[in-house]
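Have a look at the structure below, then the notes.
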Amino acid sequence: HTLKLLSLHKPNHAVVYPNTDSLQGMLHKIKDVATWGEVDAKSVEHLLVKRGELIGDNRLDNKHLKANTEYTTIKQAAKAMADGILKMKDIKDMQPVFRLSPPRKGFKSLKYPISKKGDLGYRGEAINDLIARMA
């Protein structure tokens, strides 16, 4: 149920949320089936450019951002999203998830947490490396 609330319906999906106490509780519940961390503006920009989709199978672009938000470029929106100011639902007609491919060079292990040489649980800033391998 928690995965559904977070819009994580399938493997290799990603979402960007601001860091709140309720989100931390939800992440603690799914620590055995998902990985998470703090993304930087560069990774969010990469996700928006390569995997940002609008309803109707259209790509997210600067024109759409300028018309529907206060941000004029994807770079500005990515910085605001990484800082927790802009939410994905604030961008009109944007799909709520980023559909990613499996990571290049694969996962280490989907059975064990990060602390035991696996891929599940909290990974902090290392999530940016995983996003780069998947996007």
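The values are calculated or read from the model by the stated rules, or taken from the named source; none is laboratory data. This one's a predicted model, so the numbers in the text were calculated from it and none came from an experiment. Glycine gets a Cβ as well: all are built from the backbone with ideal geometry, and neighbour counts include every protein chain shown. For accessibility, only protein heavy atoms count, side chains too; no ligands or nucleic acids. Shrake-Rupley method; radii C 1.70, N 1.55, O 1.52, S 1.80 Å.
A few comments on the model shown:
- Note on region 27-49: residues that are under 21 Å from D119 (Cβ atoms), open to solvent by 50 Å² or more (accessible area, probe 1.4 Å) and in a helix (DSSP H, G or I) total 3.
- Any hit, region 89-103, residues being within 27 Å of T2 (Cβ to Cβ), in contact with a Gly (Cβ under 9 Å, 6 or more places away or on another chain), not in a loop (DSSP other than H, G, I, E, B) and not basic (K, R): yes
- Among the residues of region 54-87, those identified as open to solvent by less than 40 Å² (accessible area, probe 1.4 Å) and either modelled with pLDDT under 90 or not in a helix (DSSP H, G or I) (or both) are L54, L60, T69, Y71, G84, L86.
- Residues in region 108-135 that are open to solvent by 20 Å² or more (accessible area, probe 1.4 Å) and either more than 16 Å from G37 (Cα to Cα) or of a type in the set (D, E) (or both): K108, S109, L110, K111, Y112, K116, K117, E125, D129.
- Among the residues of region 88-107, those identified as open to solvent by less than 70 Å² (accessible area, probe 1.4 Å) and without any contact (Cβ under 8 Å) to a residue 60 or more places away in the chain are I91, M94, Q95, P103, G106.
- Taken over region 92-118, residues that are within 30 Å of R59 (Cα to Cα) and not β-branched (V, I, T) amount to 15.
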